[in-house]
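Worksheet: one structure, shown below.
The values are calculated or read from the model by the stated rules, or taken from the named source; none is laboratory data. Just so it is clear, the model here is predicted, and its values are computed rather than measured. For neighbour counting, all protein chains shown are included, and Cβ atoms are generated from backbone atoms with ideal geometry for every residue, glycine included. Note: accessible area is taken over every heavy atom of the protein model, side chains too, but ligands, DNA and RNA are not part of it. Shrake-Rupley method; radii C 1.70, N 1.55, O 1.52, S 1.80 Å.
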Amino acid sequence: MDKNRVGINQIALLYLLSIAGGKFLTLPSILAKDVGHDSWLVLVFGFLWDAICLCFLLWAIKLNQSGKMDLAAILDKTLSKVVTKIVMVLFFVIFIIRANILLASCYKTFAVTFDVSTNWIVFVLPIAFLSFFAIKLGFNAIARTSQLLFGIIFISVLFLVLSPVSQVKITSLLPIGEAGWGKIIGDSFLRGFWFSDYLFVYFVWDSIKVKNNKVYAPILLGFAVGVALTVCMDAVFVALYGSMASEFDLAMSKIGVYFVSNSSNGRWDWLTLSIWLTSVFLKIIVFIFCAYKSLEKLFEFNPNKLNVVALIFIALTLMLPMLISSETVLSTVVAWGLIPFAFVQYALPISLPFLTKLANKKTETVKNE
């Protein structure tokens with residue numbers, strides 16, 4: 001039995017949680033520093049580029065239902081093994097950086113919001129071991145967990161985002177486009193590293209179950225809901241805090257605090273915030289799973305047996321925030337890797353349907369011979 005086999009609806013739910021799970025912490029303040037109250041427009045354009053790439057990726061998934069080849073096999077057949085290795089290195093770097101940034105944000109959330117102090121190793125190791133256990137069980141276990149928790153997480157997100165809406169002054173978001181449309185659109189490309197939440201699909205797409213050839217509707221619906229929640233959250237955040245938004249790097253926590261500070265019911269946001277953080281941890285586990293699979297394809301070790309060396313290496317990379325801050329990583333590694341990262345985030349999904357067709361054609365030719 002394929003441990004990574006998942007349904008298209010499970011992918012859609014996990015995708016929705018991934019979108020909402022990764023952009024509610026530090027990204028809003030970063031965008032507020034860039035373009036002020038127009039930060040929500042950067043998200044709109046960033047998601048627009050994602051939507052285009054996602055449609056091509058879903059097309060490729062549909063084409064791959066006959067051949068059921070994994071990404072590495074397609075790249076090997078159409079480009080070369082060298083290109084495949086380079087792509088897997090890029091994937092590994094992206095997933096590890098993203099996992100570390102999310103871990104650092106969660107660590108700060110616990111310290112600042114919940115007043116829980118601990119050291120980095122004690123905080124990270126349990127999450128790493130849980131991720132390694134998920135790798136052992138297969139992606140199906142992650143998908144089932146997200147499916148089980150989806151309802152309560154989604155309700156918590158709605159409460160957190162919509163509770164302070166009545167206190168929002170729409171005029172705080174005006175005039176629209178004040179930062180300049182060129183700067184807004186440009187920023188959506190410069191901050192592209194924060195987007196492309198569909199990247200995890202590359203590592204399970206040959207194991208996706210598609211019923212009645214329905215690929216587009218479930219995923220696009222999950223994407224649309226995730227986008228709506230994220231844009232709404234950012235708009236609420238900058239409308240509530242105005243010019244001070246750039247100073248608060250834990251947006252979701254600050255939205256809850258703002259609401260309860262104007263309420264006589266006491267603090268209840270800690271409960272919904274804690275539940276929502278579950279989706280962030282799920283996203284971290286997905287990132288670590290994909291990082292491991294990147295190494296698996298890179299070094300071609302046995303997919304049916306856990307590679308202890310790879311797990312130890314990943315665990316060590318998760319200790320990097322002890323040596324270098326997330327801000328430094330974003331201003332150096334991510335900035336320098338903007339174009340290479342854009343290759344796997346944007347160029348690869350757009351070209352994948354054509355590469356899949358070519359790989360299928362080459363496979364059929366070999367069979368006929």
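Are any residues in the range 315-332 of a type in the set (A, V, I, L, M) and more than 18 Å from the chain's Cα centre (by Cα), and if so, which ones?
Those that are of a type in the set (A, V, I, L, M) and more than 18 Å from the chain's Cα centre (by Cα): 315, 316, 319, 320, 322, 323, 324.
Given the options 30, 61, name the one that is among the β-branched types (Val, Ile, Thr) and within 18 Å of residue 222 (Cβ to Cβ).
Selected residue: 61, the only one of 30, 61 that is among the β-branched types (Val, Ile, Thr) and within 18 Å of residue 222 (Cβ to Cβ).
So, in the range 6-41, how many residues would count as being over 25 Å from residue 328 (Cα atoms) and assigned to a helix (DSSP H, G or I)?
Total meeting the criteria: 11.
Condition test on residue 103, is it assigned to a helix (DSSP H, G or I) and open to solvent by 20 Å² or more (accessible area, probe 1.4 Å)?
Values: assigned to a helix (DSSP H, G or I): yes; open to solvent by 20 Å² or more (accessible area, probe 1.4 Å): no.
Considered against the rule, which asks whether it is assigned to a helix (DSSP H, G or I) and open to solvent by 20 Å² or more (accessible area, probe 1.4 Å), residue 103 comes out as no.
Which ones in the range 144-170 are open to solvent by 40 Å² or more (accessible area, probe 1.4 Å) and either touching an Asp or Glu at 6+ places or on another chain (Cβ under 9 Å) or β-branched (Val, Ile, Thr) (or both)?
145, 152, 155, 159, 165, 170, listed by residue number.
Scan the helices (runs of 4 or more DSSP H) fully inside the range 171-290 and keep the ones with 1 or more residues being out of contact with any Gly (no Cβ under 6 Å at 6 or more places or on another chain), modelled with pLDDT of 90 or more and buried (at least 20 other Cβ atoms within 10 Å of the Cβ).
181-190, 216-241
Quick one: residue 304 ticks every box in (1) open to solvent by less than 40 Å² (accessible area, probe 1.4 Å); (2) out of contact with any Pro (no Cβ under 7 Å at 6 or more places or on another chain) except a single one, so which number is it?
Exception for residue 304: condition (1).
Please enumerate the residues belonging to the range 1-38 that are modelled with pLDDT under 90 and within 22 Å of residue 95 (Cα to Cα).
Residues satisfying the conditions are 3, 4, 5, 20, 21, 22, 23, 24, 25, 26.
Condition first: part of a loop (DSSP other than H, G, I, E, B) and touching a Leu at 6+ places or on another chain (Cβ under 9 Å). Now tell me which residues in the range 291-332 satisfy that.
301, 307, 318
Which of the numbered conditions does residue 79 fail, given that it passes all the others? Conditions: (1) open to solvent by 20 Å² or more (accessible area, probe 1.4 Å); (2) in contact (Cβ under 8 Å) with a residue 24 or more places away in the chain; (3) of a type outside the set (Val, Ile, Thr); (4) more than 30 Å from residue 359 (Cβ to Cβ).
It is condition (4) that residue 79 fails.
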